[in-house]
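Scroll down for the structure; my scribbles are underneath it.
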Amino acid sequence: KAIEQTALIGRVRYLQVELNRAQGIRGIVGTSPALTDTLEKVQKVGVSNAGVLLLGESGTGKELVAKALHAESDRADGPFLAVNCAGIPQELLESEFFGHAAGSFTGAKKARKGLLQEANGGSLLLDEIGEMPMALQAKLLRALQDGSIRPVGHDTEEKVDVRIIAATHRDLKQKVIEGSFREDLFYRMETFALSVPPLRDREEDREILAQ
């Protein structure tokens, strides 16, 4: 029994070493060429303050990549927030992103900061940005261009410094053609576009992920 326990401990230690070896950056596991290429781009793009567009199917780990981008940047000590644009009721979107003053609408009993204010000095991941309504796209674009926002019910603007990382599994170019996504916002976000590979393209990573 003691020999079996010793062998088991040895096996666990071996697997831990292999796991550590396979962790590229920030805990993302894998050594496949497809993932390695993506992580190399993350390290290069991470140091920039420009927006990043993450493309990939649902479940590929786009939020992990977004966190890695944040961690590789000079904003690493600032906040990292993530929001699913498809998960917020449309009537609350503007308030959720830009904040609101007390009494600015029914139910707004007190002032509240928006996501862009809370992420000030850090990064904000906009997951499923393809689901964002056109009206909010215009306001987001203006915030990116001017670095300022106007909370709902406020007469004055305030400065914010936020790096936007957007993610989608949709074809945004097609949505631009259809008229459901702003072309100017798309091209601003597409400055740095990274594709996150699905597991079927990462054959070498399956065993280490299972371990």
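Got a number for carbon plus sulfur as a percent of the chain's accessible area, 1.4 Å probe?
49 percent
If I take the Cα coordinates of the chain and project them onto the principal axes, what are the three extents in Å, biggest first?
73, 40, 30
For PHE98, what accessible surface area do you get with a 1.4 Å probe? Give it in Å², rounded to 10.
For PHE98, solvent-accessible area is about 10 Å².
Taking only protein heavy atoms and a 1.4 Å probe, what accessible area per residue, in Å², does the range 100-211 have with all protein chains in place?
54 Å²
Among the listed pairs LYS41/LYS159; LYS62/LYS139; LYS113/LYS139; LYS44/LYS139; LYS44/LYS67; LYS41/LYS67, which have their C-alpha atoms separated by more than 18 angstrom in this model?
LYS41/LYS159; LYS62/LYS139; LYS44/LYS139
Taking all protein chains together and a probe of 1.4 Å, list ASP205, ASP171, ASP37, ASP74 from the most accessible to the least accessible.
ASP74, ASP171, ASP37, ASP205
The values are calculated or read from the model by the stated rules, or taken from the named source; none is laboratory data. Nothing here was measured: the structure is a model prediction, and the numbers come from that model. Calculation scope for accessible area: heavy atoms of the full protein, side chains included, ligands and nucleic acids excluded. Shrake-Rupley method; radii C 1.70, N 1.55, O 1.52, S 1.80 Å.
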